[in-house]
Amino acid sequence: MRNRCRTLASILAAIACSMLVSPTGVLAESFSAKSSLESSGATNVVVDVALRDGGVLVGQVFNSEGATRANVPLVIRNRAGHDVRVEADGLGVFTVNNLQGGVYQIRVGKTVGAYRLWAPGTAPPAARSGAVLVDSQQISRGQGKGKSNVFRHPWVITSFVAAAIIIPIAVTNARSGS
C-alpha cells in the first residue's frame, strides 16, 4: 500500500511539473486567436440599441476624453455589406433614417462598433435608446475596478494547482523519513 501511495505521489508530481512547462503552448493560442470581427478593428461586444419610429437610429460620437466629436464621418454597414454614410453634427450627434432591425457595424475613424438594432417596440428592456461611439484606438477595457486580474493568468493558476499537489507530497515524505 505504501509503495502504491509513493508511486501515485510521484505520478501526480510529474503531472504537476509537466503542467508548469506546457500550458503556454496550449493556452497562448486561445489568447491570441482573433475573430474576424476583432481583426477588422471591431469589438467583440454587440450593443443592443432600440430604433425609433421609422427605423431611425440616433447616436453620438465622443473622443477618448469624453468630449464630443463634431462633424466626423461615420459608416453604418449591414450584414449584406451595404454602407450608409452620414456625418455627425456640431455636437457629435448623428441620425440615420429607414434602418431595419439587425446587426450593424458602425465605423468612425478606425474604431468599429457592433450594434444589434431592434425595430420599434421589439427591443429588450436592456437595449439603449441610442448608439454611443468613442473615436479612439487608445481605450483600455477592463473589469475589476482597479483590481488586478493576475489570478486569471494560466501560469498563476497552474502554479497554485502544482503547489496544492507538491506541498502535501513533500510534507508526507518528510514525515515518513524518506
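All of the numbers you see were taken from the coordinates with simple rules; none came from a lab. From a predicted model like this one, the values you see are computed outputs, not experimental measurements. For neighbour counting, all protein chains shown are included, and Cβ atoms are generated from backbone atoms with ideal geometry for every residue, glycine included.
Counting neighbouring Cβ atoms within 10 Å and putting the fewest first, the residues HIS82, HIS153 line up as HIS82, HIS153. Applied to region 115-123, the Karplus parametrisation 6.51 cos²θ - 1.76 cosθ + 1.60 on θ = phi - 60° returns per-residue 3J(HN,Hα) values of 10, 9, 8, 10, 4, x, x, 10, 6 Hz, with x for Gly and Pro. Here GLU65, GLU87 are placed in order of increasing Cβ neighbour count within 10 Å, fewest first, which gives GLU65, GLU87.
If both residues of a DSSP beta bridge must be in region 37-134, then about 70% of such bridges are antiparallel.
Which order results if PHE94, PHE160, PHE62 are arranged by neighbouring Cβ count within 10 Å, fewest first? Could you put the intermediate results ahead of the total?
Values: PHE94 23, PHE160 11, PHE62 16.
Result, fewest neighbours first: PHE160, PHE62, PHE94.
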